[in-house]
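Chemist: Please see the structure below; I have some questions.
The values are calculated or read from the model by the stated rules, or taken from the named source; none is laboratory data. Since we're looking at a predicted model, the values are computed, not measured. In this analysis, Cβ positions are derived from the backbone assuming ideal geometry, glycine residues included, and neighbour counts consider all displayed protein chains.
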Amino acid sequence: MKKTIWIIIAAVVIIGIWFWSSYNKLVTANESVDNQWAQVETQYQRRFDLIPNLVEAVKGAMSQEQTVFGDLAKARENYSGAKTVNDKAAAATEVEGALGRLLVIMENYPQLKSTETVQTLMAQLEGTENRISVERGRFNEEVKNFNVMIKRLPMNMIAGLFGFPEKTYFQITAGAAENPQVDLQLNK
């Protein structure tokens, strides 16, 4: 009789330890999925922080060029409309000044601060997009591991008992595969 009681107590202890261990595994796996999603969101935040800076830097670089092209076009127009020698000389000086600025831009284009900013921001954004892709892949891997764990016997009973539902994989949203329309109009 005593032997039977000890066997029952041992069985209850083993089952209790198994429940405890299984529950802890589910909690750990669930937290791993949540942590990985936080990593995805961190990269999203980085993207959201970079995009406005990139847009402003591109606008800045484009406005520098637009100013020079506008000045050059205006100076050429002034030269064409000039009637007197003094007017033509003044217009020619305007053309030369605008052309000189254009040549400086062309010569120094890679060294322009705004262009460097654009290049740097583009590289950072590209790196961020790669990080997002990697983190999404890691997230889906964690989701797969969790979902496999809660679907296997006997863990599925523990998951159901303690309310651990299946996790959803990251999937692209409707229309995400289409190319976005980019509008960099400067006169908004």
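Chemist: Do we find a residue being surrounded by 13 or more Cβ atoms within 10 Å (Cβ to Cβ), touching a Ser or Thr at 6+ places or on another chain (Cβ under 7 Å) and modelled with pLDDT of 75 or more anywhere in the stretch 35-43?
Modeler: yes
Chemist: Looking at the stretch 14-22, can you tell me whether even one residue there is surrounded by 14 or more Cβ atoms within 10 Å (Cβ to Cβ), of a type in the set (Ser, Thr, Tyr), touching a Phe, Trp or Tyr at 6+ places or on another chain (Cβ under 7 Å) and at pLDDT 80 or above?
Modeler: Looking through the stretch 14-22, none of the residues is surrounded by 14 or more Cβ atoms within 10 Å (Cβ to Cβ), of a type in the set (Ser, Thr, Tyr), touching a Phe, Trp or Tyr at 6+ places or on another chain (Cβ under 7 Å) and at pLDDT 80 or above.
Chemist: Determine which single condition residue 145 fails, assuming it passes every other condition in (1) within 24 Å of the chain's Cα centre (by Cα); (2) modelled with pLDDT of 85 or more.
Modeler: Condition (1) is where residue 145 drops out.
Chemist: Could you tell me whether the stretch 126-134 includes any residue that is at pLDDT 90 or above and in contact with a Leu (Cβ under 7 Å, 6 or more places away or on another chain)? Walk me through how you get there before you give the answer.
Modeler: Our first condition is that a residue be at pLDDT 90 or above; within the stretch 126-134, this holds for none.
Checking the stretch 126-134: not a single residue is at pLDDT 90 or above and in contact with a Leu (Cβ under 7 Å, 6 or more places away or on another chain).
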